[in-house]
Structure formats: C-alpha cells, structure tokens
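None of the figures in this text is laboratory data; all of them are computed from the coordinates on show. Since the model is a prediction, treat every value here as computed from it, not as a measurement. Every residue, glycine as well, gets a Cβ built from its backbone with ideal geometry; the counts of neighbours run over all protein chains shown.
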C-alpha cells in the first residue's frame, strides 16, 4: 500500500539516484525485466502497446476529427458542445479524453495548449506528446511569452489576434480546432485531414493553407 | 509541492527545439517505457499520487534527465513505496521473491480496444452547492499544499474571472493521499497583464482549471 508520504518517497528517490545506472535505456530495461520476472507484466503486451501508439493511435485521429468538423457543421457543433461525446462517434475516445474540450481558432483568437505542472495531453486523439511539449522551455514560456514561443514555431500573430493559452491543470484536455484554410473549397475529408498538422491541434501551428511553403 | 516541476512563467530555459522529428519515440527505450506504463501500475496508486512521486524526483534530475527516464524512476519509486519491490530489487532489476502468475499477452488490436476503456471519468459528486458562478471575479489562494497541489505558483494571489463551471471533480490535493473527494472545478481566465509586468499583450488570456478551495471571492 502506498504511503502517500512525501518524505518517504523523497528518500526512495535519493536511494535510486545513488544506485541506478545513469543510462536511461538500462534503467528502463531493468524495470521491464523486474516486472516480467515478478509476473506483473508480459513483454509481448508491452510490444502491443508500443505498436498501438506507433501505428494506430496518433495525430491522424485528431486530423480526421478536425477535417470532419470542417465539412460537417452539425458535427462541428457537437465537437464544440461536448468533444468527449463527439469523438466517440469516430471511436477515438480513450486515454485521457474523458473530459475533452475543443477550443476554436478564429481571425481574432489563437489558442495554445500547455501543461505547466507535468505533461497532460489528449493521448487517444493526438497520440504520444511531442518531446518539446514536455520540456521545461515550452512549459515555462507558453504562459508568460506565448507570442515568442509561437514565433519560434514560425507563427507570427498580429496584435489584434488575441492568444488564449490553456494550462491543463485539471483532468480537462484541450484540442485546438484550427481555421479551415482558404483554397480548399470542395475538398473532401481525406484531403483536408492531410493538411492538419499535429502542432496545429496543440496551437503551435496556425496557417494550414495548401499553398503554404510553396510561395 | 513547491519544486521545479511548477514551471509556469519561470525563466532561463532557453529556446524550444521546434525541428525535432515527428515520431512518437525517438529511442526504443522510450517506447518500452510508454508500453510498460500502459500495462503496469498498482491499484493503490492514484493519478495524483503518481504525479506527486514524479514531482518529488531530485530537482536536478527532474530538469536534466530525459522525460521518459523520469517515468521509469517514478514507477520504480512508487513500487518500492507500495512494498511491491524492495529497494534492492529496484536497483538490481532482479526479482528476489516469489513471482505472480504472469498475465497472458494481448495483441495490438486488443491494446487499441483497451485504450478506449481508459477514458477515466474524474467527476465525483459533492453535496455542497457551488460557491462561484460564471462571471464571478476571484483571487487565487496565496498559499498551497506542501504535498501535491494543482494550483501553480504563477497564479497564486492573482485576480481572475470564472468562465466555466465543470461540476464536481476529484480534488487532487486529497486524491494524492488516496482520498477521493469531489469538489467544484472551474475554468478561470487570467489576463496576461494581471500576471506579468512586462507581458507581450495585456489582453492575451491564460486559462487554468482550478478547484473551488483554491479560490476566494475578489
């Protein structure tokens, strides 16, 4: 039974700090072999989870959600009203998305998502979080200098566009709904989904125009 | 807990690597750790206890070791704390006691199906009426728990406005002690100009999801 005691856990960390190998790969290997030897996990199950989050569960799901919202106004309304229930229509509910909220970009608002206290992320719709999302640099700066962060990602905002930063301090998770770019009239969901970047659903990308990068 | 994990608004961490390759795992061991974490854990752990174990990592290690490395250390420490591993076992990686019966493996399809059931709902009812309503002006508490809390330092003592009431959710400061108790949860908007003296744009807004006991009427 957990002690729930800060002092105890700090002492355990100190002991681990002094005795564990420095190499991360060795640490994880030791943890895995101990769990397997104890009969607590199965290595093939670990393989299955790695594969699931490498091939099946990732930002392509999010991109499909966004593309559907762009082409189906009723779905978009459901996504804005109750994202948790809307993503169930696509079977994309799951890990960390029981309290999902969609925040919509517009000509006057740009949304940016962060977790300053740890690394909360809507896994079942966006997959494993990018490494930068979990760094001290992003977590510290996103709430204090979001425009400078955005500029590093190549997003420059006019003063009249307000930034809304969402710090995931509770179990709510945030999905940014980017604006549908012009020049995509008549495109189908599949074509549109190809335009949606992972970063645009976190808020570190904004202009998804098909002509972007070719001009 | 006031440690280095509470990063919002802190300075000196430099530029962001915006060009990293867009892959779920850069190194094989990161994928292994993700996989381990998806199928292990102890029933006595709560999400907030797990977070507290991670934020109690030595501050230098927390800031300098790789992200998934901190998951490995968190898991090892939590298993030792729960008495599932001895410290010697955690350090050596060798089992020194009788093993449980190994679980059967699952397929990728089964993992994807299982993931759909990981949509844990954190709503927990309370008999108390909500103290605040949308539009209310509040001030965030100046002080916070030395154990786990989800009230970041950068908003403590700052004025904001309630924008949404999310009903009653499990209160993390207690959940980190293994106690599940519902408390009203709100989205609160803070204007950048009220948080930072030399902000980029005073009308930018920072939203946080905060529990009722973190808030006082303005």
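What the table below lists for this structure:
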| quantity | calculated |
| --- | --- |
| Among the candidates A:100, A:117, A:126, residue that is crowded, with 22+ Cβ neighbours inside 10 Å and farther than 22 Å from residue A:78 by Cβ | A:117 |
| Strands (runs of 3 or more DSSP E) fully within region B:165-218 counting 2 or more residues that are more than 10 Å from every other protein chain (Cβ to nearest Cβ) | B:182-191, B:215-217 |
| Selection from region B:147-158 of residues that are under 15 Å from the mean Cα position of the chain (by Cα) and part of a loop (DSSP other than H, G, I, E, B) | B:147, B:148, B:149, B:150, B:151, B:152 |
| Qualifying residue in region B:48-59 (condition: in contact with a helix residue (DSSP H, G or I) (Cβ under 9 Å, 6 or more places away or on another chain), without any contact (Cβ under 8 Å) to a residue 24 or more places away in the chain, on the phi < 0 side of the Ramachandran plot and surrounded by fewer than 21 Cβ atoms within 10 Å (Cβ to Cβ)) | yes |
| Which numbered condition residue B:112 misses (of (1) surrounded by 16 or more Cβ atoms within 10 Å (Cβ to Cβ); (2) over 19 Å from the mean Cα position of the chain (by Cα); (3) more than 28 Å from residue A:55 (Cβ to Cβ); (4) within 7 Å of chain A (Cβ to nearest Cβ)) | (3) |
| Scope region A:139-168; condition in contact with a strand residue (DSSP E or B) (Cβ under 7 Å, 6 or more places away or on another chain) and free of Cβ contacts under 8 Å to residues at least 40 places away in the same chain; matching residues | A:139, A:142, A:143, A:146, A:147 |
| Some residue of region A:135-147 being on the phi < 0 side of the Ramachandran plot, surrounded by 15 or more Cβ atoms within 10 Å (Cβ to Cβ) and more than 9 Å from every other protein chain (Cβ to nearest Cβ) | no |
| Residue within region A:58-73 that is at the interface with chain B (Cβ under 7 Å from one of its Cβ atoms) and either in contact (Cβ under 8 Å) with a residue 12 or more places away in the chain or surrounded by fewer than 20 Cβ atoms within 10 Å (Cβ to Cβ) (or both) present | yes |
| Enumeration of residues in region A:18-41 that are under 22 Å from residue B:45 (Cα atoms) and assigned to a helix (DSSP H, G or I) | A:27, A:28, A:30, A:31, A:32, A:33, A:34, A:35, A:36, A:37 |
| Single residue of region B:79-93 satisfying the filter (more than 7 Å from chain A (Cβ to nearest Cβ) and touching a helix residue (DSSP H, G or I) at 6+ places or on another chain (Cβ under 8 Å)) that is farthest from residue B:170 (Cα to Cα) | B:92 |
